[in-house]
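Below: one structure, written as structure tokens.
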Amino acid sequence: MRTFTHINAHTVNEACELLGQYRGKARLNAGGTDLLAMLKGDIWPEYPEAVINVKTIPGLDSITENDNVLKIGALALLSDVAKSPTIKEKCGVLAKAALSVGSPLIRNVATIGGNLCQAPRCWYYRYPRRLGGPLPCLRKGTGPCLAVKGDNRYHAILEGKGCFAVCTSDIAVALAALDAKITIAGPKGERSISVVDFFQPLGNTLKIDEMIKDFQIPATMLSMEQRFLKFTLRKPIDFAIVSVAASIGLNNGVCTDARIILGAVAPMPFRAKAAEEKIVGQPISDNVAAEAAEKALANAKPLSMNAYKVEIAKTLVRRAIKGSTAGLGE
Amino acid sequence: MEVKVNEQTRKKSEEDKHISLVINGNQYSLEVGYGSYQVKPSDTLAYTLRETLGLTGTKVSCDDGACGSCTVLMSSKAVPSCMILTVECAGKDITTIEGLGDPKTGTLDPLQQSFVDHTAFQCGFCTPGMIMSAKALLNENPHPTEEEIKEALSGNFCRCISHYQVLEAVLAASEKDGGDND
Ligand SMILES: Cc1cc2nc3c(=O)[nH]c(=O)nc-3n(C[C@@H](O)[C@@H](O)[C@H](O)COP(=O)(O)OP(=O)(O)OC[C@H]3O[C@@H](n4cnc5c(N)ncnc54)[C@H](O)[C@@H]3O)c2cc1C
Ligand code: SF4
Ligand code: FES
Ligand code: FES
């Protein structure tokens with residue numbers, strides 16, 4: 001790994017100030033499970049001059065409940081999120097998503113904030129310098145996407161425009177199903193944004209001098225039925241081929257409210273509004289679930305090698321909807 | 001602008017010039033710098049253990065967080081030392097495979113002995129990582145079920161398919177530990 005200036009930040013303000021001073025040439029390090037891979041591969045067009053450690057900022061890893069909001073600090077470890085009794089009890093979808101990430105080793109160091117900000121896993125994007133990379137492409141600001149005509153078996157089937165790399169954050173899918181808000185700190189103070197709006201086709205809305213401080217989950221979501229399903233080739237380590245997180249409100253078996261989010265199918269977490277509309281007001285049945293799954297994928301435009309993802313996605317949506325009624329589904 | 005950053009940087013790195021940490025019960029104070037005896041800001045813990053301190057029991061295979069061969073214990077949790085910067089380990093308590101047995105008598109940790117007794121390795125490259133992950137599990141949960149062992153070791157890959165014997169070795173060690181055996 002090429003070297004850099006290393007700075008321990010002690011407050012959120014200090015971290016943001018440093019980011020501003022380096023004008024985009026510094027990167028934050030939380031758990032490092034993604035950052036160090038990006039640095040070892042020397043994958044970004046510009047190697048960072050500085051790495052700013054945010055683990056030295058106290059208090060950013062807490063999980064607290066107050067004022068009808070469940071608040072999770074950006075530096076909470078995935079292993080702690082997966083184990084937290086509060087999270088397990090109130091937002092099982094998030095606990096399950098956290099437990100599905102990587103391996104126990106990764107979860108013992110990886111943070112929830114870092115998970116949302118991870119770089120894409122597109123193999124053209126990640127091509128390391130020592131093997132002749134970085135490969136220029138749309139996402140890197142130069143040249144067309146290499147995946148469209150290349151090996152795109154794990155790429156987007158929905159909403160791909162210029163770049164077809166999928167958002168691989170499992171935590172983002174779960175948090176979006178919980179309608180979580182992100183608190184972002186910057187030099188001018190804090191702002192709040194929903195998880196769905198945080199993501200953009202080529203990344204996220206963070207400015208060069210901003211960082212994620214915490215996540216807030218409204219208590220109203222916590223009473224809904226929650227479900228997280230992730231299809232991978234191997235159980236540990238592998239990223240999702242498709243994942244689905246759903247929050248479903250039920251009253252006597254009739255769906256009163258729904259949020260259904262698909263992961264790893266689009267450059268951003270994909271909210272399947274058409275599927276939600278299909279099930280709200282309906283008693284949950286095999287038929288309703290199957291129709292909703294068709295609707296969720298109605299606009300799918302697979303690339304040359306990934307049509308198989310459409311069927312997997314439909315199956316997961318169907319199971320997520322059915323499983324939310326006790327006794328139905330797996 | 002450039003100058004301002006450098007000044008700030010110099011001040012900052014001054015502050016963090018030494019990294020104090022405990023490895024296998026020994027206190028180390030490592031100097032940050034660019035000499036061969038020093039720790040570069042970009043050195044991973046795995047690199048420092050092997051190349052700077054000569055503790056080559058910890059192996060590096062993927063160097064990407066994906067195989068577990070570099071597993072060490074940090075504050076008693078199993079972590080991938082290839083994805084951790086040494087300069088961020090100040091104040092940490094680290095145990096490597098060298099820290100398990102008794103260096104004076106050469107007696108192995110019961111878990112290590114159980115790996116030997118069950119020939120729970122072939123080439124042995126993954127073994128230090130397997131043992132460290134299993135050690136973290138047994139410290140927290142002395143009597144794990146088979147499923148719990150599989151889950152705890154799910155980030156440790158073995159190229160030679162030693163997994164079946166590893167499972168037996170860990171199970172046997174956990175039974176012995178509680179005195180359930182004989
Ligand atoms: C073997 C392996 C398997 C994996 N499997 C999965 C998986 O199944 N699912 C999944 O979702 N992910 C997976 N990952 C990706 C992964 O690294 C993360 O899941 C992890 O949570 C990232 O968190 P971190 O704290 O290590 O991030 P870091 O590496 O520290 O940071 C990642 C990025 O986010 C930025 N950042 C970190 N914290 C903040 C913050 N508070 N505000 C703003 N920016 C910030 C950093 O600058 C960096 O660019 C896997 C990774 C590996 C190595
Ligand atoms: S999918 Fe995105 S990241 Fe991958 S090659 Fe195309 S533009 Fe680049
Ligand atoms: S070498 Fe660290 S996980 Fe593979
Ligand atoms: S024994 Fe050879 S890699 Fe496991």
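Descriptive notes on the structure:
- Region B:86-110 - residue that is within 13 Å of another protein chain (Cβ to nearest Cβ) and more than 14 Å from residue B:50 (Cα to Cα) and, of those, surrounded by the fewest Cβ atoms within 10 Å (Cβ to Cβ): B:91
- Matching residues in region A:5-30 - criterion: being in a loop (DSSP other than H, G, I, E, B) and open to solvent by 10 Å² or more (accessible area, probe 1.4 Å): A:10, A:11, A:22, A:23, A:24, A:25, A:30
- Selection within region A:137-147 - open to solvent by less than 60 Å² (accessible area, probe 1.4 Å) and either among the β-branched types (Val, Ile, Thr) or more than 7 Å from ligand 2 (Cβ to nearest atom) (or both): A:143
Conditions tested, residue by residue: (1) open to solvent by less than 10 Å² (accessible area, probe 1.4 Å); (2) outside any loop (DSSP other than H, G, I, E, B).
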| residue | (1), (2) |
| --- | --- |
| A:36 | yes, yes |
| A:40 | no, yes |
| A:47 | no, no |
| A:55 | no, no |
| A:60 | no, no |
| A:70 | yes, yes |
| A:80 | no, yes |
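- Tabulated pairs, region A:128-150, first within 14 Å of chain B (Cβ to nearest Cβ), second within 16 Å of ligand 3 (Cβ to nearest atom), C-beta under 6 angstrom, 6+ apart or interchain: A:128/A:41
- Residue match in region A:172-186 (condition: in a loop (DSSP other than H, G, I, E, B), more than 11 Å from ligand 1 (Cβ to nearest atom) and open to solvent by less than 30 Å² (accessible area, probe 1.4 Å)): yes
- Residue in region B:49-85 that is nearest to the other protein chains (Cβ to nearest Cβ), counting only those that are among the polar types (S, T, N, Q) and open to solvent by less than 60 Å² (accessible area, probe 1.4 Å): B:71
- Close pairs (8 angstrom Cβ cut-off, 6 or more residues apart or separate chains): closer than 21 Å to residue A:142 by Cα and of a type outside the set (Val, Ile, Thr) in region A:21-46, within 15 Å of ligand 3 (Cβ to nearest atom) and open to solvent by 10 Å² or more (accessible area, probe 1.4 Å) anywhere: A:39/A:1
- Restricting region B:118-152 to residues that are within 11 Å of chain A (Cβ to nearest Cβ) and closer than 16 Å to residue B:59 by Cα, the residue that is surrounded by the fewest Cβ atoms within 10 Å (Cβ to Cβ): B:133
- Residue pairs meeting the criteria (Cβ under 6 Å; at least 6 apart or on separate chains; first at positive phi, in region A:174-201; second buried (at least 16 other Cβ atoms within 10 Å of the Cβ)): A:179/A:221
- On the stretch given as region B:157-173, residues that are outside any loop (DSSP other than H, G, I, E, B) and either within 16 Å of ligand 3 (Cβ to nearest atom) or surrounded by fewer than 20 Cβ atoms within 10 Å (Cβ to Cβ) (or both) total 7.
- Scan of region A:14-26 for residues that are touching a Pro at 6+ places or on another chain (Cβ under 8 Å) and more than 10 Å from chain B (Cβ to nearest Cβ), ordered by number: A:16, A:20
- Considering residues of region A:111-136 that are basic (Lys, Arg) and either closer than 27 Å to residue A:195 by Cβ or within 13 Å of ligand 1 (Cβ to nearest atom) (or both) only, the residue most open to solvent (accessible area, probe 1.4 Å): A:121
Yes/no matrix, rows are residues, columns are (1) within 16 Å of ligand 4 (Cβ to nearest atom); (2) under 23 Å from residue A:273 (Cα atoms); (3) not hydrophobic (A, V, I, L, M, F, W, C):
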{"position": "A:145", "(1), (2), (3)": "no, no, no"}
{"position": "A:155", "(1), (2), (3)": "no, yes, yes"}
{"position": "A:164", "(1), (2), (3)": "no, yes, no"}
{"position": "A:167", "(1), (2), (3)": "no, yes, no"}
{"position": "A:170", "(1), (2), (3)": "no, yes, yes"}
{"position": "A:175", "(1), (2), (3)": "no, yes, no"}
{"position": "A:203", "(1), (2), (3)": "no, yes, yes"}
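- Inside region A:192-215, residues that are more than 29 Å from residue A:157 (Cα to Cα) and surrounded by 19 or more Cβ atoms within 10 Å (Cβ to Cβ) make up a count of 5.
- All positions within region A:82-99 that are buried (at least 24 other Cβ atoms within 10 Å of the Cβ) and assigned to a loop (DSSP other than H, G, I, E, B): A:91
- Candidates are the residues of region B:124-146 that are touching a residue at least 60 places away in the same chain (Cβ under 8 Å) and in contact with a Pro (Cβ under 9 Å, 6 or more places away or on another chain); the one that is nearest to ligand 4 (Cβ to nearest atom) is B:129.
- Selection count, region B:153-173, where residues are away from chain A (no Cβ under 14 Å) and farther than 19 Å from residue B:110 by Cα: 3
The values are calculated or read from the model by the stated rules, or taken from the named source; none is laboratory data. Source: prediction; values computed, not measured. Ideal geometry is used to build each Cβ from the backbone, glycine not excepted, and the neighbour counts take in all protein chains shown. Each accessible area value is taken on the protein alone, full model and side chains, heavy atoms only, with ligands, DNA and RNA left out. Shrake-Rupley method; radii C 1.70, N 1.55, O 1.52, S 1.80 Å.
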